[in-house]
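The values are calculated or read from the model by the stated rules, or taken from the named source; none is laboratory data. From a predicted model like this one, the values you see are computed outputs, not experimental measurements. Here the Cβ positions follow ideal geometry from the backbone for every residue, glycine too, while neighbour counts run over all protein chains shown.
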């Protein structure tokens, strides 16, 4: 409450009555509830020159009414600028990859770096954070290409791993067949059966053993 333009006291919630005389009485109301400020569409440049658009928020409330109203003008606008500059400085010190990794902790670190500046405005910052990290058109295309390249590399690695496992399995099978004649014969018969399924007619000579002729056909 101001009496003749000077701060008299801070009024608690309630109803007050004053004499209507030559004394000037002015009451300034202020919202002391928790408030949220949105800092949207900030175009920022990372350490590795990647252009981003970031949506940021901060939750705060008035902690010192006298500081907020009497020592500062438009405390909310001042807080907006402080957060804007702090965000710009923080993002500019990180590469794009580092920023994406630390995205969830950015708000906490920015509030710590802000120090007592919010308190000087009579405010208490409760929490803050990045809501969205939006890549610009060109950067979005580049990141999509990087993602595709990474997925292709992963697919090639999986294919090579499977090929290696398949080759190892064939080598183990060959070793077993080399050491076991019965297994070799069974495998031979298996392949003969598969080949026979794809043959329509077989011509054999009456003058030779049929089994020997079939074996000659499948082993040539």
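To keep it simple, each residue is scored yes or no on (1) at pLDDT 60 or above; (2) in contact with a helix residue (DSSP H, G or I) (Cβ under 8 Å, 6 or more places away or on another chain); (3) under 30 Å from residue 134 (Cα atoms).
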site	(1), (2), (3)
157	yes, no, no
160	yes, no, no
165	yes, no, no
171	yes, no, no
184	yes, yes, no
192	yes, yes, no
197	yes, no, no
211	no, no, no
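For residue 44, the requirement of being at pLDDT 90 or above and touching a helix residue (DSSP H, G or I) at 6+ places or on another chain (Cβ under 6 Å) is not met.
In summary, residue 114 fulfils each of the numbered conditions (1) in contact with a helix residue (DSSP H, G or I) (Cβ under 6 Å, 6 or more places away or on another chain); (2) modelled with pLDDT of 85 or more with the single exception of condition (2).
Of all the listed residues (31, 76, 48), the sole one being within 24 Å of residue 105 (Cα to Cα) and exposed (fewer than 12 other Cβ atoms within 10 Å of the Cβ) is 48. For the range 12-122, the helices (runs of 4 or more DSSP H) that sit wholly inside it and include 2 or more residues that are within 20 Å of the chain's Cα centre (by Cα) are 75-92, 96-101, 106-114.
Report whether or not residue 10 is touching a helix residue (DSSP H, G or I) at 6+ places or on another chain (Cβ under 6 Å), loosely packed, with under 15 Cβ neighbours inside 10 Å and not assigned by TED's automatic domain parsing to the domain that holds residue 129. Judged against the criteria, residue 10 is a match.
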